[in-house]
Amino acid sequence: MKSFFICAATLFPVVATLSAQTSASVDKSDVVTSAPLGTGILQKFVPGSAFVVAEESGPVAYTYGPEVTYVTRSGAKLTSAEVQSHLGIGVPVEVEYVKEGESRVIRKVVVNDAATR
């Protein structure tokens, strides 16, 4: 019985130290969170200026951020020329955005794989 208490007393500081190191070493910047996503039909599109989507709740105006990525549903990144051939009024889109105050700032736009125009 005495050896059990000695063993337990010896292990407690080791377990406490490992526990503290584990919780302190978690890097929260690696945690992936999903950004809000708006879906609907593109109503107005002027690259770098206007992006309005008709969503279920009504028209939603988005603001362009410093970097907007355009991709297809299969994940292919679009060039500027391809963006022009894939986007137009009436095209279904998904918009990943971040809220900055009352603004919805575009991070990524997802379009169908086939060009629409």
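On the basis of being within 22 Å of E100 (Cβ to Cβ), of a type in the set (S, T, N, Q), within 16 Å of the chain's Cα centre (by Cα) and at pLDDT 90 or above, does T33 make the cut?
Working: within 22 Å of E100 (Cβ to Cβ): yes; of a type in the set (S, T, N, Q): yes; within 16 Å of the chain's Cα centre (by Cα): yes; at pLDDT 90 or above: no.
Judged against the criteria, T33 is not a match.
Looking only at region 63-110, which residues are touching a Ser or Thr at 6+ places or on another chain (Cβ under 6 Å) and assigned to a strand (DSSP E or B)?
Passing the criteria: T63, E94, S103, V105, K108.
Can you tell me how many residues within region 67-87 are under 18 Å from V52 (Cα atoms) and either of a type in the set (A, V, I, L, M, F, W, C) or more than 15 Å from the chain's Cα centre (by Cα) (or both)? Let's see the steps before the verdict.
Residues of region 67-87 under 18 Å from V52 (Cα atoms): 67-71, 83-87.
Filter once more, so that each one left must be either of a type in the set (A, V, I, L, M, F, W, C) or more than 15 Å from the chain's Cα centre (by Cα) (or both): 68, 71, 83-87.
Selection size over region 67-87: 7.
What is the number of the single condition among (1) surrounded by 10 or more Cβ atoms within 10 Å (Cβ to Cβ); (2) of a type in the set (D, E); (3) at pLDDT 85 or above that D113 does not meet?
The number of the failed condition is (3).
Going through region 88-104 one residue at a time, which ones are under 12 Å from the mean Cα position of the chain (by Cα), surrounded by fewer than 17 Cβ atoms within 10 Å (Cβ to Cβ) and of a type in the set (V, I, T)?
Of all residues in region 88-104, those under 12 Å from the mean Cα position of the chain (by Cα) come to 94-99.
Checking which are surrounded by fewer than 17 Cβ atoms within 10 Å (Cβ to Cβ) leaves us with 94, 98-99.
Correct list: V98 only.
The values are calculated or read from the model by the stated rules, or taken from the named source; none is laboratory data. Here the structure is a predicted model, which means the values were calculated and not measured. Neighbour counts are summed over all protein chains in view; Cβ atoms, including those assigned to glycine, are modelled from backbone coordinates with ideal geometry.
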